[in-house]
1. Can we say LYS71 is in a helix (DSSP H, G or I), surrounded by fewer than 18 Cβ atoms within 10 Å (Cβ to Cβ) and modelled with pLDDT of 85 or more?
2. Could you tell me which of the residues LYS150, LYS145, LYS155 is surrounded by fewer than 17 Cβ atoms within 10 Å (Cβ to Cβ), over 17 Å from VAL176 (Cα atoms) and of a type outside the set (A, V, I, L, M, F, W, C)?
3. Quick check on the range 36-51: of everything there that is touching a helix residue (DSSP H, G or I) at 6+ places or on another chain (Cβ under 7 Å) and within 12 Å of LYS5 (Cβ to Cβ), which residue is surrounded by the most Cβ atoms within 10 Å (Cβ to Cβ)?
4. Give the range 125-142 a look and list any residue that's in contact (Cβ under 8 Å) with a residue 40 or more places away in the chain and either surrounded by fewer than 17 Cβ atoms within 10 Å (Cβ to Cβ) or not in a helix (DSSP H, G or I) (or both), or say none.
5. Could you identify the single residue in THR54, THR33 that is more than 18 Å from GLU68 (Cα to Cα), modelled with pLDDT of 90 or more, surrounded by 12 or more Cβ atoms within 10 Å (Cβ to Cβ) and not small (Gly, Ala, Ser)?
6. Output the residues belonging to the range 149-161 that are touching a helix residue (DSSP H, G or I) at 6+ places or on another chain (Cβ under 7 Å) and under 17 Å from LEU118 (Cβ atoms).
7. Could you look through the range 143-165, keep only residues that are in a helix (DSSP H, G or I) and of a type outside the set (D, E, K, R), and pick out the one that is farthest from the chain's Cα centre (by Cα)?
8. Mind counting the residues in the range 1-55 that are touching a residue at least 60 places away in the same chain (Cβ under 8 Å), among the aromatic types (Phe, Trp, Tyr) and closer than 21 Å to ILE83 by Cα?
Amino acid sequence: MAALKEGLFDTLKDLVDDDFKEFKWFLNNEKPTIPISRLENADRMDTVDLMVQTYYTDTPRVTVTVLEKMKKTDLVKKLSKNIPVSEGQSLIKKEQLRIGLNKHEQNLLMLETQKAALKEHLFDTLKDLVDDDFKEFKWFLNNEKPTIPKSRLEKADRMDTVDLMVQTYYTDTPRVTVTILEKMKKTDLVKKLSKNIPVSEGQFHIL
């Protein structure tokens, strides 16, 4: 276990601070969830400890999943070389967990999974905006109803903005996002987002 923790710590040290914040943001979408209150101020050592406590032998697979979402292929190769990543056992455990849940709990799990996928697609879209365009996006967003307070949007980065949007609009978030991108004449991003998240009033389904 010591070798696992040291290998993970060595990987996280290769992330600059902004990338490390992004890593923790994606990590918060994994199941079982590490509470954001524990992750928010966690440094790299704290994060490794939290991951091993939560995922134990499944930690390498979770780490690789997050790094792949971040498109950090160099770190995926480095980690996979040092720590063999086994996915089969994890998938069996997840299936056993799903079967053990009642219908209501299964529905909640499905909604949480959809919510995580929604957030990741939105973040991927906002990353395609240069800083000036992202500032413009937040300006248009502040005019939407219900309104996200300008004080909360002003210094929000892309991850914070996605979280604020999902908290405020939830299932209506894709429609709000597309509305703003259309006002900005970002038709390429509208097509990209609509391809991954069919936009309909009041509900969404992740492809």
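The values are calculated or read from the model by the stated rules, or taken from the named source; none is laboratory data. Please read all numbers here as calculations on a predicted model, not as lab measurements. Cβ sites come from the backbone with ideal geometry, for glycine too, and all protein chains shown count toward neighbours.
1. no
2. LYS155
3. Only one residue tops the list, namely MET51.
4. ASP128, LEU129, ASP133, GLU136, PHE140
5. None of the other options fit; the residue is THR54.
6. ARG158, MET159, THR161 - these are the residues of the range 149-161 that are touching a helix residue (DSSP H, G or I) at 6+ places or on another chain (Cβ under 7 Å) and under 17 Å from LEU118 (Cβ atoms).
7. SER151
8. The qualifying residues number 1.
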